[in-house]
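Chemist: The structure under discussion is supplied below as structure tokens; questions concerning it will follow.
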Amino acid sequence: MIGKICGTGSYAPKKILDNHDLSKFIDTNDQWIRERTGVARRHIIEGETTVTMAVEAANRALKDAGVNAKDIDLLIVTTVSSNVILPCTACEVQKQIKADNATCFDLNAACTGFLFAYNTVQAYMQTNMYKTALVIGAETLSELLDWTDRGTCILFGDGAGAVVVKGEEEGFYYGITHSQGEKGQALTCESRHQKGFGKTILERDTMMKMDGQAVFTFAVRNVPKVIKEVLDKGNLHPEEIDYYILHQANQRIVEGVAKRLHIDMEKFPMNLQEYGNTSSASIPILLDECKKKGVLREGQKIVMAGFGAGLSWGASVFDW
Ligand code: COA
């Protein structure tokens, strides 16, 4: 069997923090953030949690797919920001949406999480182990950020996205995944000693740290390469792809990838300006928006690519 995405859903917290709001408590400004990153605003939890957002996105995806929660046999949540360590977020979501027949686990591959989970679902479906999967990317990054570090906190936001994947006898899919632990120090988070935006930070040294330029260079070099690798597997040329759905980390990274592939930016939908980088939630949120807007249509060839901490990166190509 090959998995086909048959429903999408997403959720973003109601509270919005725009670049002007940030400039009230850190030394930054709207122009700098827009020019260097493309981000204009981000959604930040206020009452919501990773679980509540995941549940909302999941219910919306199930409704969109016309699938009953009881028919889900595999439920994966990708997150670096679970409410608690145990039980895993996927089991909490299972309980709340009553997906009683699902095997549930979390997957942490940082911003590549959703892409890795999607490839994992496909691998399971190729062995006929599961038939109907729910994959959710859900993140409350605002709880991991040092809100005094202007080089990092301006980039990220909270949110959740979900897809329902159904196994079909025929279909088109190829996937590639990579990791390089040796370079892991470029983006780290040792613990979370801040419980939310605006709260007192207890141990700043252990919060999210990033060598922005190292991550930038890594992404612009490796994402075009992995896309070419997966296209070669599928015997396709970059111009044969209808849309490239990339992890939304930085507009300049996406532009750099498009340039290296010699593909027009029109084929790279973006919503980073509205959400910032929502880590593993960014791809499913973007898929949901593109589906709702009618951008994605049956039969189109889609490339999905993720990259992030680990370091980790990967791509897949499939029919919508
Ligand atoms: N507002 C204003 N000035 C800022 C700033 C901010 N928010 N953050 C940094 N600066 C300053 C720096 O202090 C530096 O000043 P200096 O020249 O006086 O020393 C200057 O701007 C340039 O900083 P630099 O870090 O070189 O900027 P950059 O062009 O590399 O942009 C990032 C920084 C973080 C936006 C960029 O490196 C990036 O996006 N990297 C990828 C990060 C990413 O995507 N991570 C997630 C991957 S999943």
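Chemist: Is the stretch 69-77 home to any residue that is more than 20 Å from F307 (Cα to Cα), crowded, with 22+ Cβ neighbours inside 10 Å and touching a Lys or Arg at 6+ places or on another chain (Cβ under 9 Å)? Give the steps one after another, and end with the answer.
Modeler: Keep residues of the stretch 69-77 that are more than 20 Å from F307 (Cα to Cα), which gives 69-75.
Filter once more, keeping what is crowded, with 22+ Cβ neighbours inside 10 Å: 72, 74-75.
Pick out the ones that are also touching a Lys or Arg at 6+ places or on another chain (Cβ under 9 Å) and you get 74.
Yes, the conditions are met somewhere in the stretch 69-77.
Chemist: Which condition from (1) within 14 Å of the ligand (Cβ to nearest atom); (2) part of a loop (DSSP other than H, G, I, E, B) is the one that E35 breaks?
Modeler: Among (1) within 14 Å of the ligand (Cβ to nearest atom); (2) part of a loop (DSSP other than H, G, I, E, B), the lone unmet condition for E35 is (2).
Chemist: Looking only at strands (runs of 3 or more DSSP E) that fall completely inside the stretch 79-172, which ones have 1 or more residues that are under 21 Å from K291 (Cβ atoms), of a type outside the set (V, I, T) and touching a helix residue (DSSP H, G or I) at 6+ places or on another chain (Cβ under 9 Å)?
Modeler: Numbers: elements: 103-107, 132-140, 158-168.
Those strands (runs of 3 or more DSSP E) span 132-140, 158-168.
Chemist: Taking L145 and the conditions (1) within 15 Å of the ligand (Cβ to nearest atom); (2) modelled with pLDDT of 95 or more; (3) assigned by TED's automatic domain parsing to the domain that holds A109, which numbered condition does it fall short on, given that it satisfies the others?
Modeler: So the condition that L145 fails would be (2).
Chemist: Quick check: is even one residue across the stretch 222-243 modelled with pLDDT of 95 or more, over 21 Å from the mean Cα position of the chain (by Cα), outside the structural domain of D106 (by TED's automatic domain parsing) and polar (S, T, N, Q)?
Modeler: Yes, the stretch 222-243 contains at least one residue that is modelled with pLDDT of 95 or more, over 21 Å from the mean Cα position of the chain (by Cα), outside the structural domain of D106 (by TED's automatic domain parsing) and polar (S, T, N, Q).
Chemist: Can you name the residue in the stretch 115-142 that is hydroxyl-bearing (S, T, Y) and open to solvent by 30 Å² or more (accessible area, probe 1.4 Å) and, of all such residues, is farthest from the ligand (Cβ to nearest atom)? Talk me through it step by step, then tell me what you get.
Modeler: From the stretch 115-142, those hydroxyl-bearing (S, T, Y) are 118, 120, 124, 127, 130, 132, 140, 142; that's our starting set.
If we keep only those that are open to solvent by 30 Å² or more (accessible area, probe 1.4 Å) too, we end up with 120, 124, 127.
Values: T120: 19, Y124: 26, T127: 30 Å.
Step by step, filter the stretch 115-142, then rank; the result is T127.
So that you can scan it fast, the table gives a plain yes or no per residue for (1) more than 16 Å from the ligand (Cβ to nearest atom); (2) modelled with pLDDT of 95 or more; (3) in contact with a strand residue (DSSP E or B) (Cβ under 7 Å, 6 or more places away or on another chain):
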| site | (1), (2), (3) |
| --- | --- |
| R41 | no, yes, yes |
| V51 | yes, yes, no |
| I72 | yes, yes, yes |
| T79 | no, yes, yes |
| N83 | yes, no, no |
| E92 | yes, yes, no |
| I97 | yes, yes, no |
| A102 | yes, yes, yes |
| A109 | no, yes, yes |
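Chemist: Go through the stretch 251-280 and count every residue that is within 12 Å of the ligand (Cβ to nearest atom) and under 13 Å from the mean Cα position of the chain (by Cα).
Modeler: Looking only at that region, the number is 6.
The values are calculated or read from the model by the stated rules, or taken from the named source; none is laboratory data. A quick note: this is a predicted structure, and the numbers were derived from the prediction, not measured. FYI the Cβ positions are ideal-geometry reconstructions off the backbone, even for glycines, and counts take in every protein chain you see. We work out accessible area using only protein heavy atoms, side chains counted, and drop any ligands, DNA or RNA first. Shrake-Rupley method; radii C 1.70, N 1.55, O 1.52, S 1.80 Å.
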